[in-house]
Amino acid sequence: MTEILDIAKKDGRWTECPSCSEIIITAKLRDNLWVCPHCDHHFRIGSEDRLAITCDEGSFVEMEPVPLRSEEQTPVSEEAVKGGRALIMGQQCILGVMDFTFKGGSMGVAAGQAIVDMMHGAQRKGLPFVIFCASGGVRVQEGIWGLLQMLRTVHARTQTINVPMITVFTDPTTGGVSASFAGLADIMIAEPGAKIGFAGPRVIEATMSCTLPPDFQDASRLMTNGFIDMVVHRNRMRETIAFFLKWFCQT
Ligand SMILES: [Zn+2]
């Protein structure tokens, strides 16, 4: 029986929940928006699945990839962030989604450029900007150029401060992304159980010589402490974002 389960898991038909260890038929999990029906664990999802469950069907139009000077850098269409124009329950916005499966959702030069372009694009078109964050932080392989993206995205946000912005923190959002543009939104939403922070708990424990609580950097604790505005279940995310987009249009 164990062997059959292993084969089914390997070919993707069944998926094991990392939280409660239940084996779930992958198609059922997809229908349930990648949320475990047994324990409500929110699975990490890539940008394609995120767009599929967030946008109105067929409404996402991806931005033109930004021409890069260096041929070594990855074109933006294959980057840790995808952005474009979209409709969410009929409400127009510029939507960005980060993909943790692509190099840990790290923000390098191309990803930083895409975020800056989305902010300026939203300002030009007079649309709100919504970004789903999932990132380990700055792309350290790009050295100082990676770190510079924190400055660039924050600068772009200060230039486009009249653009209504919603950040959705998904699991995990850490490092230079949580410490730069992601925390500068007008409305900050998180998915249940998302880890949000700068340095990881092990690093902090080792540096500070202390023991941290088990729910340290958990979305609900951060809401209690006032860092984020609300924790929203994935099955209510679309309507919550649409509510705020409509509200932005009226004000
Ligand atoms: Zn579960």
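Taking region 191-234 only, how many residues are surrounded by 17 or more Cβ atoms within 10 Å (Cβ to Cβ), among the polar types (S, T, N, Q) and either assigned to a helix (DSSP H, G or I) or not assigned by TED's automatic domain parsing to the domain that holds residue 118 (or both)? Selection size over region 191-234: 0.
Taking the criterion of being modelled with pLDDT of 95 or more and more than 15 Å from the ligand (Cβ to nearest atom), the only residue of region 10-29 that qualifies is 27.
Let's see how each residue does on (1) under 22 Å from the mean Cα position of the chain (by Cα); (2) more than 20 Å from residue 171 (Cα to Cα); (3) surrounded by fewer than 13 Cβ atoms within 10 Å (Cβ to Cβ); (4) small (Gly, Ala, Ser):
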{"residue": "11", "(1), (2), (3), (4)": "no, yes, yes, no"}
{"residue": "14", "(1), (2), (3), (4)": "no, yes, no, no"}
{"residue": "19", "(1), (2), (3), (4)": "yes, no, no, yes"}
{"residue": "28", "(1), (2), (3), (4)": "no, yes, yes, no"}
{"residue": "35", "(1), (2), (3), (4)": "yes, no, no, no"}
{"residue": "43", "(1), (2), (3), (4)": "yes, no, no, no"}
{"residue": "48", "(1), (2), (3), (4)": "yes, no, yes, no"}
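Filtered by the rule that a residue be closer than 16 Å to residue 236 by Cα and within 16 Å of the ligand (Cβ to nearest atom), region 30-62 gives 30, 31, 32, 33, 34, 35, 36, 37, 40, 41, 42, 43. For region 154-162, the criterion of being surrounded by fewer than 15 Cβ atoms within 10 Å (Cβ to Cβ) and either hydroxyl-bearing (Ser, Thr, Tyr) or touching a Lys or Arg at 6+ places or on another chain (Cβ under 9 Å) (or both) is met by at least one residue. Residue count for region 98-153 under the criterion of being buried (at least 18 other Cβ atoms within 10 Å of the Cβ) and not in a helix (DSSP H, G or I): the result is 20.
For region 142-165, the count of residues that are in contact (Cβ under 8 Å) with a residue 60 or more places away in the chain and under 21 Å from residue 48 (Cα atoms) is zero.
Report yes if some residue within region 41-61 is in a helix (DSSP H, G or I), over 30 Å from residue 95 (Cα atoms) and touching a Phe, Trp or Tyr at 6+ places or on another chain (Cβ under 6 Å); otherwise report no. Break it down stepwise before answering.
First, pick out the residues of region 41-61 that are in a helix (DSSP H, G or I): 47-54.
With the extra rule that they be over 30 Å from residue 95 (Cα atoms), the set shrinks to none.
No, there is no match, as no residue in region 41-61 is in a helix (DSSP H, G or I), over 30 Å from residue 95 (Cα atoms) and touching a Phe, Trp or Tyr at 6+ places or on another chain (Cβ under 6 Å).
Taking region 161-190 as the range and being part of a loop (DSSP other than H, G, I, E, B) and farther than 23 Å from residue 240 by Cα as the test, the residues that pass are 174, 179, 180.
Scan region 72-85 and give yes if some residue there is away from the ligand (no atom under 16 Å from the Cβ), surrounded by fewer than 14 Cβ atoms within 10 Å (Cβ to Cβ), more than 30 Å from residue 125 (Cα to Cα) and modelled with pLDDT under 95, otherwise no. Yes, because at least one residue in region 72-85 is away from the ligand (no atom under 16 Å from the Cβ), surrounded by fewer than 14 Cβ atoms within 10 Å (Cβ to Cβ), more than 30 Å from residue 125 (Cα to Cα) and modelled with pLDDT under 95.
The values are calculated or read from the model by the stated rules, or taken from the named source; none is laboratory data. Note that the coordinates shown come from a computational prediction; the quantities given were computed from them, not determined experimentally. FYI the Cβ positions are ideal-geometry reconstructions off the backbone, even for glycines, and counts take in every protein chain you see.
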